[in-house]
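To start, the structure under review is shown below, and the notes come after it.
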Number of protein chains: 2
Amino acid sequence: MGVTAEKRQPEPAGTLSDSSAVGARVKALREAMDFSLRDLAERSGVSATMLSQVERGGTSPTLAVASKIASGLDLSLSRLLRLDETPHVVVSLKNEHRRHRRGGHQIEELTPPLPGLRVDVSAHVLDPGSATGGQGDSPMHEPGSRETAVVLEGLLVLVFEEERHQLDEGDSVTFDADLPHHFENESDAPTRFVAVITAGLRRG
Amino acid sequence: MGVTAEKRQPEPAGTLSDSSAVGARVKALREAMDFSLRDLAERSGVSATMLSQVERGGTSPTLAVASKIASGLDLSLSRLLRLDETPHVVVSLKNEHRRHRRGGHQIEELTPPLPGLRVDVSAHVLDPGSATGGQGDSPMHEPGSRETAVVLEGLLVLVFEEERHQLDEGDSVTFDADLPHHFENESDAPTRFVAVITAGLRRG
DNA sequence: TACAAACGTGCGTGATAACGTACAGATATG
DNA sequence: CATATCTGTACGTTATCACGCACGTTTGTA
């Protein structure tokens, strides 16, 4: 069971869209602190000329120089950069979740398609008598991946390499997801569970 | 990324403790992802020659190039830098029991303490008016870790770097867990949610 | 008003980042 | 074993970072 890996997008979340954003940020912080270019130059150890070029977006400073500038503004470099990165928090509202259904198997993606996200969280509902592992739903994942399933409601059966494992409400199970497996609902009530799949060891 | 200090002022406090630490970090991450220098060059748009120099600490790349390298590693530059900045306290549960409570916060570990497990899944109940992040519960996790929370019942508030995010039942949220955060229940009914925390990047 | 000081930026220059090419060693393959 | 391919790095070249100096403009002061 699982979702195909999202392909890398042109501008992943958190990447600087334009390094001149950092320059504008430095200028704004410097002015907020009531410093001139020469003031900041003295505090940071970077020349006023360079600071002017950076603020106007005319050059991309090295990490060493950028760290000095951040220090002159009483910040770490990572914190300075974070001010202009895309937001770290991604709230996924219930009605925004990507949902799909295959027969008696209902799937709801709970994690956003962020590049570099090494875990996939999804909610599942299995109607009575239904099972996962239909068309387009591989019984195995990429090598090294692992899965944890948590039963929220009802009864769940994990069939792992042809061995059956009974899970009651509140139980959880962790296993290597790169081996053949699927889930079944043999009861006469729907089963709800959350599946957490970690990225494999080799990422292409 | 070793800058010779012979002609420059000693680096002021607050800068990267060791520029070549970033290079070593890039090398460790690249090898963990099983990439060659040429593989990463293709993904990041930075030449293999340059990557080799950076990893060996022979040069300090510009912010523009460093951002490309980070992107090739599926990271933002600020996260890459954060891995080698001020050491963070690693959260560690005080006892091995699978269930425990702190005031109005009830926690249940759902994943077993398996070696090499790169994800931690836990169920939480917050009584009305309660919050996470009390004594012995650090507001930050190890560098590079990420967290996804799914609201199963009730209303939840995420306070992330002092910004509040409202979540209704069924909503989910994903964020960098190595920055200050905690959860609150401001409603008059209990809140149940599942938290999924991925291992940090610092681990082997 | 005149003058001094402060400010941001253009210009030229040296240092170094960034890359392409080629090499030697390691690894894979028939 | 011989050959091909992959890998990391040395070297030379080009592009650009980083700076000192000087300029024109703005601001402060007597």
Starting from the amide H of residue B:146, placed 1.01 Å from N in the peptide plane, find each other amide H under 5 Å away whose residue is 5 or more places distant or on another chain.
-> B:177, B:198
Going highest first, how would you order A:180-191, B:147-158, B:61-72 by mean Cβ packing within 10 Å?
-> B:61-72, B:147-158, A:180-191
In whole percent, what relative contact order does segment B:19-82 give with Cα contacts below 8 Å and a gap of six or more residues?
-> 37
Using θ = phi - 60° and the Karplus relation 6.51 cos²θ - 1.76 cosθ + 1.60, list the HN-Hα couplings for segment A:191-197 in order, rounded to whole Hz, with x at every Gly or Pro.
-> 10, 10, 8, 10, 10, 10, 10
Virtual spin-label span in nm between residue B:161 and residue B:188, 7 Å along Cα→Cβ | 3.6
What gaps in nm, shortest first, separate residue A:163 from its twins in the other copies when you place the label 7 Å past Cα toward the beta carbon?
-> 4.7
Starting at the first residue of segment A:162-176, write each ³J(HN,Hα) from the Karplus equation 6.51 cos²θ - 1.76 cosθ + 1.60 with θ = phi - 60°, in whole Hz, x for Gly and Pro.
-> 6, 9, 9, 10, 8, 10, 8, 4, x, 6, 9, 9, 10, 7, 6
Apply the Karplus parameterisation 6.51 cos²θ - 1.76 cosθ + 1.60, with θ equal to phi minus 60°, to every residue of segment B:27-34 and state each ³J(HN,Hα) to the nearest whole Hz, in sequence, with x for glycine and proline.
-> 4, 4, 5, 4, 5, 5, 8, 6
Given charges at Cβ of Lys, Arg, Asp, Glu: segment A:27-69 dipole, positive-most of A:60, A:47, A:35 = A:60
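Just so you know, all these numbers are worked out from the coordinates, no wet-lab data involved. All figures in this text were calculated on a predicted structure; none of them were measured in a lab. Counting neighbours? That spans all protein chains shown, and the Cβs are built from the backbone with ideal geometry, glycine included.
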